[in-house]
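What follows draws every value from the coordinates through simple rules; no lab data is involved. Computed from a predicted model, the values in this text were never measured in an experiment. Note that each Cβ is placed from the backbone with ideal geometry, even for glycine, and that neighbours are counted across all protein chains shown.
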Amino acid sequence: RTLADMDARLVECRACPRLVAWREATALEKRAAFRDREYWGRPVPGFGPADATLLITGLAPAAHGANRTGRMFTGDRAGDLLFATLYELGLASRATVTGPDDGLELTGVRVTAPVHCAPPDNRPTPGERDTCRPWLTRETQLLRPTLRAVVALGAFGWQAALAALGEAGWSVPRPRPAFGHGARVPLPTADGSGAPLTVFGCYHVSQRNVFTGRLTPEMLSRVLAEAAHAAGL
Ligand code: SF4
């Protein structure tokens with residue numbers, strides 16, 4: 001099994017009835033600005049090379065962002081800032097992203113989410129979070145030979161990443177370390193084989209966090225640069 005195999009199965013997933021209904025209804029209703037565009041309206045797989053050493057995980061696709069374009073973090077302001085910052089760090093081939101056909105390539109980095117379908121109000125239920133987690137667990141298992149660092153955007157992504165990494169074979173401290181911007185947790189592998197990785201906490205790149213100044217571009221850049229360094233990038 002490869003990441004590509006997993007992604008091919010993921011886009012067919014219909015395990016969460018509320019999210020299936022929401023993602024499809026949003027794709028039919030559309031936002032006025034995108035009236036003439038075809039929406040993806042399905043689970044959005046992770047994006048980036050299968051031998052990534054750095055994984056960035058957010059929360060879930062945005063209704064008119066990734067749920068529209070079908071590519072993680074693509075089509076909304078949160079993603080615009082994330083990719084622009086990755087570009088500045090030499091990890092993305094373009095500073096601006098326009099859609100799945102823009103030729104964007106990431107170097108050593110994969111972006112994903114613990115919930116792969118757009119939820120109403122950007123809030124998955126605990127049940128939806130738990131139903132989707134096996135996909136993230138599997139993704140980190142498949143990346144394990146190369147993975148050295150994970151950046152969790154926001155508390156939701158932090159908790160989900162630690163849970164998935166624990167299931168995928170890393171040793172996560174109990175109680176789980178608390179989320180914070182700049183938090184950093186080294187995780188050895190549970191069986192002692194293979195390389196450890198480091199999980200970094202970062203405020204989510206949401207429009208609200210950026211607008212209010214809770215997360216500045218400099219703060220994001222600093223965490224991503226540290227994580228890239230830890231990942232050997
Ligand atoms: Fe499947 Fe995850 Fe989407 Fe639920 S959120 S339908 S588990 S892909």
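Evaluate the range 84-100: report whether one residue or more is of a type in the set (A, V, I, L, M, F, W, C) and within 12 Å of the ligand (Cβ to nearest atom). Scanning the range 84-100 turns up no residue that is of a type in the set (A, V, I, L, M, F, W, C) and within 12 Å of the ligand (Cβ to nearest atom). Evaluate the following for R129: is it free of Cβ contacts under 8 Å to residues at least 40 places away in the same chain and touching a Pro at 6+ places or on another chain (Cβ under 7 Å)? Criteria met by R129.
Evaluate the range 104-115: report whether one residue or more is in contact with a Cys (Cβ under 8 Å, 6 or more places away or on another chain) and under 17 Å from V44 (Cα atoms).
Yes: one or more hits.
L215 falls short of the stated requirement of being of a type outside the set (K, R), more than 17 Å from A155 (Cα to Cα) and outside any helix (DSSP H, G or I).
Do you know which of the residues in the range 187-230 that are among the aliphatic types (A, V, I, L, M) and under 13 Å from L81 (Cα atoms) is surrounded by the fewest Cβ atoms within 10 Å (Cβ to Cβ)? So the residue we want is M219. No other residue among V11, V44, V20, V109 is buried (at least 23 other Cβ atoms within 10 Å of the Cβ), within 13 Å of the ligand (Cβ to nearest atom) and β-branched (V, I, T) apart from V44. A count restricted to the range 91-123 and to residues that are in a loop (DSSP other than H, G, I, E, B), in contact (Cβ under 8 Å) with a residue 40 or more places away in the chain and among the hydroxyl-bearing types (S, T, Y) stands at 1. The C-beta contact set for the range 18-45 (first residue in contact (Cβ under 8 Å) with a residue 12 or more places away in the chain and closer than 16 Å to P61 by Cα, second residue away from the ligand (no atom under 16 Å from the Cβ) and among the β-branched types (V, I, T), distance under 7 angstrom, 6+ apart or interchain) comprises W40/T69.
Scanning the range 73-90 for residues that are surrounded by fewer than 24 Cβ atoms within 10 Å (Cβ to Cβ), within 16 Å of the chain's Cα centre (by Cα) and in a loop (DSSP other than H, G, I, E, B) yields a single hit, D76. Looking across the range 140-164, the residues that are in a helix (DSSP H, G or I) and in contact with a strand residue (DSSP E or B) (Cβ under 6 Å, 6 or more places away or on another chain) come down to G157, W158, A161. Take the conditions more than 16 Å from the ligand (Cβ to nearest atom) and either in a loop (DSSP other than H, G, I, E, B) or over 16 Å from V20 (Cα atoms) (or both) and apply them to T137. Does it pass? Taking the combined requirement at face value, the residue does not satisfy it.
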